[in-house]
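The structure appears right after this line, and notes come after that.
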Amino acid sequence: IIKGNFGEYWRSKGYTLITGEAVALMGDTKDTLFLHADTLKAVFDTATNDIKQLFAWKNTRFFKKDIQGVCDSLYFNYPDSVIKLFGLPIIWSEENQLTADTIIIYTGNQSVKELHMYSNAIMSSSDSLSYYNQIKGRVMKGYFKNNELKVVDVTGNAESVYFVREENGSLVGVNKAQGRRMKIFVENKKINFITYFEKSEGNMYPEQNFTQEIIRLKGFVWYIAQRPKDKNDVLRNSRGQT
């Protein structure tokens, strides 16, 4: 379903344009993805009316119970169930924030299967009000099970900032490491542990030695203010950040 305040429909040409609080609803009655942009364009098969492609331009935002995102523009190819995000794309999956220059989402059977991020890829999660666990690399590929992020592979200039705590929650320090490649395992919606491969090196820093260079990777920004809160919040076009 695609709706908005103004629409034009060209059956013979095989496409329609929707603007003015334009929203596309994709999925089933149990879990629908709500997608908004300033302009939506749907390309369809003139013989069957089935949608083949969906384009979203400017202030693109979407909400689904288990995944949310914002970007400048988006392309959804229905035949292979691939979604491509461009222009400062940000994805939230449970406790994790994912950013990159380009993000590609592979879906199937109404669920997310894989998420590929290219150039300046950063995965982060909040450790506390002041600290954030961060993973960075040239290419990052996330793998999902039952719509939950489980494993992330990072290749090329892999870096991590990970806050280590005792079982009682007290902070031990921050581990900052780097290497060529790493694998992240996610458990209970948070980073469980990180494995480095190929010539890794790192240091543990106590809290009294923390500096911004130590606890924040270059390019990291926490964009929680932009995260769509519900299906109605996709119509909010602000791009504020904290």
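The values are calculated or read from the model by the stated rules, or taken from the named source; none is laboratory data. Just so you know, these numbers come straight off a predicted model, no measurement behind them. Heads up, the Cβs are rebuilt from the backbone with ideal geometry, glycines too, and the neighbour counts pull from every protein chain shown. Areas reflect the complete protein model, heavy atoms only, side chains present, ligands, DNA and RNA absent. Shrake-Rupley method; radii C 1.70, N 1.55, O 1.52, S 1.80 Å.
When all alpha carbon pairs of region 1-51 are counted in 10 Å bins from zero, the resulting P(r) reads 27, 48, 25, 1 %. Normalised by the number of residues in the chain, the mean separation of alpha-carbon contacts (under 8 Å, six or more apart) gives a relative contact order of 12 percent. Ignoring solvent entirely, what values of log10 I(q)/I(0) come out of the Debye formula for the chain at 0.13, 0.14, 0.15, 0.17 Å⁻¹ when each Cα is a single scatterer? Those come out to -0.80, -0.90, -1.01, -1.22, one per q. Compared with the rule-of-thumb size 2.2 N^0.38 Å for a compact globular protein, region 100-242 has a Cα radius of gyration ratio of 1.10. Farthest towards the positive end of the charge dipole of the chain, among the residues F44, W57, S170, is the Cα of F44, using unit charges on the Cβ of Lys, Arg, Asp and Glu. Region 49-104 and region 169-218 have Cα centres lying 28 Å from one another. Annotation note: GluC sites (Glu not before Pro) in region 111-193 located in DSSP loop regions with a Cβ neighbour count of at most 11 within 10 Å are E166, E167. Rolling a 1.4 Å probe across the protein heavy atoms gives the chain an accessible surface of 52 Å² per residue. Rounded to the nearest Hz, the phi-derived 3J(HN,Hα) couplings of region 74-80 under the Karplus curve 6.51 cos²θ - 1.76 cosθ + 1.60 (θ = phi - 60°) are 8, 10, 10, 9, 5, x, 9, where x marks glycine and proline. With coordinates expressed along the principal axes, the C-alpha atoms belonging to region 1-125 extend over 46, 28, 25 Å, beginning with the largest. With the full set of protein chains in place, find how many percent of the accessible area of the chain is carbon and sulfur; take the probe as 1.4 Å. Here carbon and sulfur together make up 48 percent of the probe-accessible area. Calculated [222 nm] ellipticity per residue, helices only, for the chain: 0 deg cm²/dmol; basis is -39500 (n - 2.57) per DSSP H run with n ≥ 4, divided by all residues, nearest 500.
If eta is 0.890 mPa s and T is 25 °C, what Stokes-Einstein diffusion coefficient results for region 112-187, Kirkwood Rh from Cα pairs, in µm²/s? My calculation gives 186 µm²/s for D. Assuming R0 = 41 Å, what is the FRET efficiency of S170 and K229, from their Cβ-Cβ distance, to the nearest 0.05? With a Förster radius of 41 Å, E is 0.80.
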